[in-house]
Amino acid sequence: MYPPIKPYESGFFQGANSEKHQLYYEVSGNKQGDPVVFLHGGPGGGTDPKDREFFNPEKYKIVLFDQRGAGKSTPSAELENNTTWDLVKDIEVLRQKLGVTKWHVFGGSWGSTLSLVYAQTHPDRVKSLVLRGIFTLRQSELRFFYQDGTSHLFPEQWEEYLAPIPEAERHDMMKAYHSRLNSPDANIRLAAAKAWAKWEMATSRLIVSADAVAQAEKGDFANAFARIENHYFVNEGFMRDGQLLEKQELDKIRHIPTIVVQGRYDVVCSATTAWALKRAWPEITLHIIPDAGHSSREPGIEKKLVEAADIMASKGL
């Protein structure tokens, strides 16, 4: 990772077609550098200062922003007018605001989903893609993580995730959590949010990180993260199932240089999805990291993402 840097510009911009949503953004690195936009995970996860460190600050103009309802954006955890397509429009608003004609797009987990959607919608605005932990929001992927799959590998954490839900409702955990995350009772909402967030934080790394799990106990983070994730997932990402892997969609972006970094033991966004993308789009470069899980903070994944960003900067696209 590159050394920590501070933004030279930060502020808020109004979300596309929405007076309610005010989105935090920041720009760091080289003012005259090659523009790159970082799309965070979740949805609802927000950005972190460390996210700037994937990029060479002498070569890149580094743009981070918090998606609707996430991070510093307001109102926090807001679900109204919060869809995949709203976010795609927001990225375009930010691009135009910053006077960028074309930029590199870098995203992991849900950020990889949004990167693919954005590129397929605006292929003429994307110089390259660097993607991590491929997630295409198919029902099979959601079932694996939230219903029957990861539970076989993390049984003790799964038991904690099950705990707030009565046995009669456990056949559809996303739906059961949806009712609690949208309860009129703030205590019920918060308890559900912390349990939802803890499940993901506890399973995101090859070796469970106590610091990551502790993040789930932070009420503001958990509330935005859980409510927005669940909202997107029960609504199937506001897309057709498997849409991002369809030939007619991939044909729109087949020409864009793309590097994918995937942890072998990622149980949040399993390697089978990255492999499905490679099969459908053989032109991409796929790196499967043999000793990593899901998190971008896994050492092997960090290293390969930095290398990927360096490669894209050196291409002179």
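The values are calculated or read from the model by the stated rules, or taken from the named source; none is laboratory data. Worth saying up front: this structure is predicted, and the values here are computed from it rather than measured. A quick note on method: Cβ atoms are made from the backbone with ideal geometry, for glycine too, and the neighbour counts reach across all protein chains shown. Heads up: the accessible areas ignore ligands, DNA and RNA and are worked out on the full protein's heavy atoms, side chains in. Shrake-Rupley method; radii C 1.70, N 1.55, O 1.52, S 1.80 Å.
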Open item on the list: For Lys20, give me every one of the lysines with a C-alpha distance below 21 angstrom, ignoring sequence neighbours fewer than eight places off in its own chain.
Closed with: Lys72, Lys89, Lys97
TODO: Would you compute, for the Cα atoms of segment 47-175, the largest minus smallest coordinate along each principal axis and list the three values in descending order, in whole Å?
DONE: 53, 31, 28
Task: Candidate aspartates and glutamates for bridging to Lys6, where Cα separation is under 14 Å - those fewer than 8 sequence places away on the same chain excluded - done: Glu26, Asp48, Asp51, Glu53, Glu58
TODO: Give me the angle, in degrees from 0 to 90, between the Cα long axis of helix 84-97 and the longest principal axis of the Cα atoms of the chain, rounded to the nearest 10.
DONE: 30
Task: Principal-axis tilt of helix 219-234 within the chain, Cα atoms, nearest 10 degrees - done: 90
TODO: Return the long-range amide H neighbours of Arg132 (sequence gap of 5 or more, or a different chain), with a cut-off of under 5 Å between placed amide H atoms.
DONE: Gly107, Gly108, Ser109, Ser112, Val261
Open item on the list: Keeping all protein chains in place and using 1.4 angstrom, which order do Glu169, Glu160 fall into by accessible surface area, from largest down?
Closed with: Glu160, Glu169
Open item on the list: From zero outward in steps of 20 Å, how is the percent of C-alpha pairs of the chain spread across the bins?
Closed with: 34, 60, 5
Task: Average accessible surface area per residue within the chain, 1.4 Å rolling probe, Å² - done: 41
- [ ] State, to one decimal in nm, how far the label point of Ser140 lies from the label point of Asp185, with both points 7 Å from Cα in the Cβ direction.
- [x] 3.9
Open item on the list: How compact is segment 1-114 by the rule of thumb for globular proteins, expressed as Cα Rg over 2.2 N^0.38 Å?
Closed with: 0.99
Task: At most 15 other Cβ within 10 Å, DSSP loop - GluC sites (Glu not before Pro), segment 17-111 - done: Glu19, Glu58, Glu80
- [ ] Kindly write out, for segment 50-58 in residue order, the coupling ³J(HN,Hα) from the Karplus curve 6.51 cos²θ - 1.76 cosθ + 1.60 (θ = phi - 60°), rounded to whole Hz, with x marking Gly and Pro.
- [x] 5, 5, 5, 7, 6, 10, 5, x, 7
- [ ] Can you tell me the order of 179-185, 129-135 when each peptide is scored by its average per-residue count of other Cβ atoms within 10 angstrom, highest first?
- [x] 129-135, 179-185
